[in-house]
Structures are given as C-alpha cells and as structure tokens.
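Here's the structure we're looking at; comments come further down.
The values are calculated or read from the model by the stated rules, or taken from the named source; none is laboratory data. Small disclaimer: the values here were computed from a predicted structure and weren't measured. Ideal geometry is used to build each Cβ from the backbone, glycine not excepted, and the neighbour counts take in all protein chains shown.
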Amino acid sequence: MAEKAGGFAVGPRRAGRPRDPAKYGAIIEAARAAFFARGFQAATIEDIAQAAGVSKVTVYSRFGDKETLFEEVIRAESGRMAAVFDDGVAAGRCLEERLNAYGTSLMEFIFSEEHIAVDRVLMNEIAQSRRLAERFFQAGPALCLGRLADALSEAADQGEIEIDDPWMAAEDLCGLWQGLSDMGIKLGLEPPPTPDAIRFRVERATRLFLKMVGSKP
C-alpha cells in the first residue's frame, strides 16, 4: 500500500490471525456497537466485555487498551469496504465496475444514519486527542484512501488510465463521489440520499473521473 496520506504515515495491517476468531469477532462487534452508540469516552471495556460474553481480562489481553480496540473497530469497517473492491478484482470486473462498487459501499457507509450519528458523537472527542485522531485517521480514512490509490496505481501500470499521483487521484475521485452533500446532511438541512441516489452519483462521478484520466476501452 502507498505509504502516507495527508502527511500521516499509514501503518501496516497487523499480521496473523486472532487466536479465537469467534471471540475476536464478538468483541469487535460489541465494541463497534458501544463506540458508535455512546462515543469513545462513555464506552467502557467492562460493558464491551459483557456484551461480547467475555471477561475484561480477555479484552485487555487481546487489544491492550481501549484506544487499540477502537482502532481495530475502525480498521474492520475499512476492511469490509476494501473487500468489496477486492471481490470485484477476483470476479474479473472492469475498472469502472470495481470503482463503482467500492464508491457505492463507501458512500453508503458515509451517508448512513448510523455513521452520521457516530460522526456527531465521536468527532468532538477525537479532535481533543491528537493520538486518538491519528489512530482513527490511519485505520479509517487513510486505509480506505490507500486501497483506492493502490487500485488506481495498478490500473495506471496496466495502461488503463494515466495519472501522475495515485494519492491525489484517489482524493479527486472521493471528492467527486461525496461532493458537499454531507455538510447539509450533518447540519440537518437535508436527508441522507437514498441507495438509488448514491449509486447514480457514484456512477456519474466515476465516468467523469475516468474521462479525465484517459480511461482506455
């Protein structure tokens, strides 16, 4: 993966598999629910452990601290969206189809009522801690942007498009996908877009982007 985004180093994905995937998944899901519903500060390891059906000792032994657990929750969300793109590669879909699938998945998450509510709860907390902000950025936005930058770089290497900076191209495409709609939504001035509206915007933005970068037929 490309090494940085916005001046922040992007750390590598942790190697190895959890010792007990079922318990790991239960903890991640319980933590996701707690963080997304109550925010980082209000969510407690005790509540997360109880919801996951494990002990606090188990949570601490696997993740070390609450910040690391939070980072893993965000990383899991990013991985879920990246899997959409990787599935498209495995299925032999063309670049435009893969970009549309990834963009739709990403925008559906960003514009979901859950994410909008989470944004309101978490952003103020994250902004008060640079370390937490950096871990959130690396595990979330930077990881998603990095996967897209990698895909565009690979497409350029194969002669499908012409770009001089994969990171900047990825930022351009994300900007086209998202636009300024999220501002009005976060301010409560307009409702979140429907799934059909998201797909329409993403597909239109992808077509415009591929025209700009000289997509080959």
Filtering region 138-158 down to residues that are farther than 21 Å from residue 72 by Cα and part of a helix (DSSP H, G or I) yields 149, 150, 151, 152, 153, 154, 155, 156, 157
Residues in region 157-184 that are touching a residue at least 40 places away in the same chain (Cβ under 8 Å) and either aliphatic (A, V, I, L, M) or not assigned by the TED database to the domain that holds residue 202 (or both) total 4
For residue 166, all conditions in the list (1) within 30 Å of residue 33 (Cα to Cα); (2) buried (at least 17 other Cβ atoms within 10 Å of the Cβ); (3) of a type outside the set (S, T, N, Q) hold save one; what is the number of the exception? (1)
Exactly one of (1) farther than 17 Å from residue 214 by Cα; (2) crowded, with 18+ Cβ neighbours inside 10 Å; (3) of a type in the set (Asp, Glu) is unmet by residue 113. Its number? (2)
Residues of region 183-201 being more than 15 Å from residue 103 (Cα to Cα) and surrounded by 15 or more Cβ atoms within 10 Å (Cβ to Cβ), in sequence order, are 185, 192
Given the conditions (1) touching a Lys or Arg at 6+ places or on another chain (Cβ under 8 Å); (2) under 20 Å from residue 148 (Cα atoms), report the number of the one that residue 193 does not fulfil. (2)
Here are some residues: 204, 120, 135. Which one is among the basic types (Lys, Arg), surrounded by 17 or more Cβ atoms within 10 Å (Cβ to Cβ) and part of a helix (DSSP H, G or I)? 135
Surrounded by fewer than 16 Cβ atoms within 10 Å (Cβ to Cβ), outside the structural domain of residue 151 (by the TED database) and not in a helix (DSSP H, G or I): does that describe residue 42? yes
Looking at residue 162, is it under 21 Å from residue 96 (Cα atoms) and either modelled with pLDDT of 85 or more or outside any helix (DSSP H, G or I) (or both)? yes
Hits in region 50-65 - residues which are assigned to a helix (DSSP H, G or I), surrounded by fewer than 20 Cβ atoms within 10 Å (Cβ to Cβ) and of a type outside the set (Ser, Thr, Tyr): 50, 51, 56, 57, 62
Enumeration of residues in region 32-53 that are hydrophobic (A, V, I, L, M, F, W, C) and modelled with pLDDT of 95 or more: 45, 48, 49, 51, 52
Can we say residue 185 is aliphatic (A, V, I, L, M), in contact with a Ser or Thr (Cβ under 8 Å, 6 or more places away or on another chain) and in a helix (DSSP H, G or I)? no
